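I have placed the structure first, in the form of structure tokens, so that the comments after it can refer back to it.
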Amino acid sequence: MNSPSSPGLPGLLSRLLSRSIERLFGRSPAPQPAAAKIPAKSVARSYRASELGLRPDTVPHSAMRTCQVLQQAGYLAYIVGGGVRDSLLGMKPKDFDVATDATPEQVIKLFRRSRAIGRRFQIVHVMYGREVIEVSTFRAKQENAATDAHGRVLHDNVWGSIEDDSARRDFTINALYYDPIGDTLIDYHDGVADIQQRTLRMIGDPATRYREDPVRMLRTARFAAKLGFQIEPATQTPIAELADLIHNVPPARLFDEILKLLETGHALQSLHQLRAQGLHHGLLPLLDVIIEQPDGERFITAALTRTDERVLAGKPISPGFLFATLLWQQVLVRWRERTGRGEHTIPALMSAIDSVVDEQCEKLAIQKRIAADMREIWSLQPRFERRNGRSPLRLLEHLRFRAGYDFLLLRVESGEAPAELGQWWTAFVEGDHDRREALMARVPAGSGNGARKRRRRKPRADAAPAGGSTPD
């Protein structure tokens, strides 16, 4: 049963008591916003959380403890974002974030193992062993906020109420506030109804919200693909016109967002969503070419299907391997162009790799260690074709052999590399010593055998002719 209400009498009494204690003991209240605020929807819908299927025993101890400590200190504290949304959808949440009316300084005073991070958007990380709970302070949506030339908000640390905070969140399905201690769910923007109708809807005017933070367009594509939701027309329409604003986002932040998109367990659908919304230009500009070419489409489909299977099975994935698969067709095209002009195979490949990595790092700020993994995976591919002598055994000892071998199997699956090559290496990897020796002894003809040719020394100009004697 639900009814329109404020966040609840117990919460309000708690806040009043907190303010009284602050006045008695001189504790400074939360700073008030200096800028004018856009008013939020004033009436919330309050649900009994258990009636919607939310249960406290599914909340990690770390998140529950964080809420308890904050509430016992007189603050409001709710679980927000994906933890609530995914729980309502029957999915296993990846994170449980907490929102509160306590400022970062006040949160840090309550938790010994905590630290503030971020400048544009300051939050607190509360540590429980290796587990981290992200705690954010309720923020106000500003009317006259400082922005760049394209409308992106540059400073977002103006504190507000829970109503203000709900108004500045991106989607209605992410603006739900769950109190696991009081068994209450607060909904200011009909997010529960949108979850039930499987609709993705932006809070406020979508065009304005995209200008404030263009990354929201990528999040729209990601959530639509991950959740299988329909994008509400008013939320979708401005994306085509504003897609170029993505170029104004710092490359490091774009890299993080693309990585999140690829790690959803629905990477293939996410890439198709990017392409459908026109958001891949400048990020993965050859996505059109890759998908329209049969070999490229088969390769990307095989790679991302494997990635999604691993994510959904709870297995780790390698960002370096992921980006190596996405950019391989670009490397392959440039490699073939160079060998077609007469360049030697290996130097041509190294040159193609350098050009692709340098170009892509400017757009996405791919981390150096990830770029190094990509380079090694790509540079190993010609070595799989050399099966003469002891080359296979030396390759087997390479640190990145497994990643290179998995990459080879994707090339085989997509039809780019011969099936016989994949079968030979699979038998070699799985075989014992005798089996491997037998395989190396029966390497098929034309399989890149290419034993190194002896380099003949040029005769010196003053060398004696064969069988003769030096002249007098």
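So how many residues does segment 69-94 have that are surrounded by 14 or more Cβ atoms within 10 Å (Cβ to Cβ), out of contact with any Phe, Trp or Tyr (no Cβ under 6 Å at 6 or more places or on another chain) and of a type outside the set (A, V, I, L, M, F, W, C)?
Residues that pass the stated criteria total 9.
Tell me, please, whether a residue that is surrounded by 14 or more Cβ atoms within 10 Å (Cβ to Cβ), touching a residue at least 12 places away in the same chain (Cβ under 8 Å), under 22 Å from Ser355 (Cβ atoms) and out of contact with any strand residue (DSSP E or B) (no Cβ under 6 Å at 6 or more places or on another chain) can be found in segment 389-396.
Within segment 389-396, not a single residue is surrounded by 14 or more Cβ atoms within 10 Å (Cβ to Cβ), touching a residue at least 12 places away in the same chain (Cβ under 8 Å), under 22 Å from Ser355 (Cβ atoms) and out of contact with any strand residue (DSSP E or B) (no Cβ under 6 Å at 6 or more places or on another chain).
Do the conditions hold for Ile366, that is, is it surrounded by 15 or more Cβ atoms within 10 Å (Cβ to Cβ), at pLDDT 95 or above and under 30 Å from Arg253 (Cβ atoms)?
Answer is no for this residue.
Taking segment 296-324 only, how many residues are without any contact (Cβ under 8 Å) to a residue 60 or more places away in the chain and not in a helix (DSSP H, G or I)?
5
So, in segment 65-107, of the ones that are assigned to a helix (DSSP H, G or I) and among the polar types (S, T, N, Q), which residue ends up nearest to Ala49 (Cα to Cα)?
Ser87
Which of the following residues is among the aliphatic types (A, V, I, L, M), assigned to a helix (DSSP H, G or I) and either surrounded by 17 or more Cβ atoms within 10 Å (Cβ to Cβ) or modelled with pLDDT of 95 or more (or both): Leu439, Leu421?
None of the others qualify; the one that does is Leu421.
With Asp156, Asp179, Asp194 as the choices, which residue is at pLDDT below 95, closer than 17 Å to Gly81 by Cβ and charged (D, E, K, R)? Quick ask: steps written out before the conclusion?
Numbers: Asp179 fails: at pLDDT below 95; Asp194 fails: at pLDDT below 95.
Within the list Asp156, Asp179, Asp194, the selection yields Asp156.
Is segment 301-321 home to any residue that is among the hydrophobic types (A, V, I, L, M, F, W, C), at pLDDT below 90 and over 27 Å from Gly265 (Cβ atoms)?
Within segment 301-321, not a single residue is among the hydrophobic types (A, V, I, L, M, F, W, C), at pLDDT below 90 and over 27 Å from Gly265 (Cβ atoms).
Name every residue in segment 325-363 that is exposed (fewer than 15 other Cβ atoms within 10 Å of the Cβ) and not in a helix (DSSP H, G or I), in order of residue number.
Listed by number, the residues that qualify are Arg341, Gly342, His344.
Could you grab me the full set of residues in segment 176-208 that are under 19 Å from Pro56 (Cα atoms) and of a type in the set (A, V, I, L, M, F, W, C)?
Pass one, segment 176-208, residues under 19 Å from Pro56 (Cα atoms): 176-187, 192.
Once the filter is applied, which keeps residues that are under 19 Å from Pro56 (Cα atoms) and of a type in the set (A, V, I, L, M, F, W, C), segment 176-208 yields Leu176, Ile181, Leu185, Ile186, Val192.
Which numbered condition trips up Leu254, out of (1) more than 25 Å from Val311 (Cβ to Cβ); (2) touching a residue at least 60 places away in the same chain (Cβ under 8 Å)?
It is condition (1) that Leu254 fails.
Name the pairs whose Cβ atoms lie under 6 Å apart, with the first residue in segment 427-454 and farther than 16 Å from Leu396 by Cα, the second modelled with pLDDT of 85 or more, and 6 or more positions between them or separate chains?
From segment 427-454, the pairs are Val443/Arg387; Ser447/Arg387; Gly448/Glu385; Gly448/Arg386; Asn449/Asn388; Ala451/Asn388.
When you go through (1) hydroxyl-bearing (Ser, Thr, Tyr); (2) in contact with a Gly (Cβ under 6 Å, 6 or more places away or on another chain); (3) more than 25 Å from Thr137 (Cα to Cα) one by one for Thr172, which number turns out not to apply?
The number of the failed condition is (3).
When segment 229-252 is examined, which residues are found to be within 17 Å of Arg275 (Cα to Cα) and touching a His at 6+ places or on another chain (Cβ under 6 Å)?
Leu245
Could you identify the single residue in Arg402, Arg375 that is in a helix (DSSP H, G or I), farther than 30 Å from Pro250 by Cα and basic (Lys, Arg)?
Within the list Arg402, Arg375, the selection yields Arg402.
Anything in segment 169-213 that is hydroxyl-bearing (Ser, Thr, Tyr), within 23 Å of Leu245 (Cα to Cα) and surrounded by fewer than 23 Cβ atoms within 10 Å (Cβ to Cβ)? List them, or say none.
Of everything in segment 169-213, just one residue is hydroxyl-bearing (Ser, Thr, Tyr), within 23 Å of Leu245 (Cα to Cα) and surrounded by fewer than 23 Cβ atoms within 10 Å (Cβ to Cβ), namely Thr208.
Would you be able to tell me the number of residues in segment 43-62 that are surrounded by fewer than 16 Cβ atoms within 10 Å (Cβ to Cβ) and part of a helix (DSSP H, G or I)?
6
The values are calculated or read from the model by the stated rules, or taken from the named source; none is laboratory data. The model shown is predicted, which means the values in this text are computed figures rather than measured ones. Positions of Cβ are generated from backbone atoms using ideal geometry, with glycine treated the same way; all protein chains shown enter the neighbour counts.
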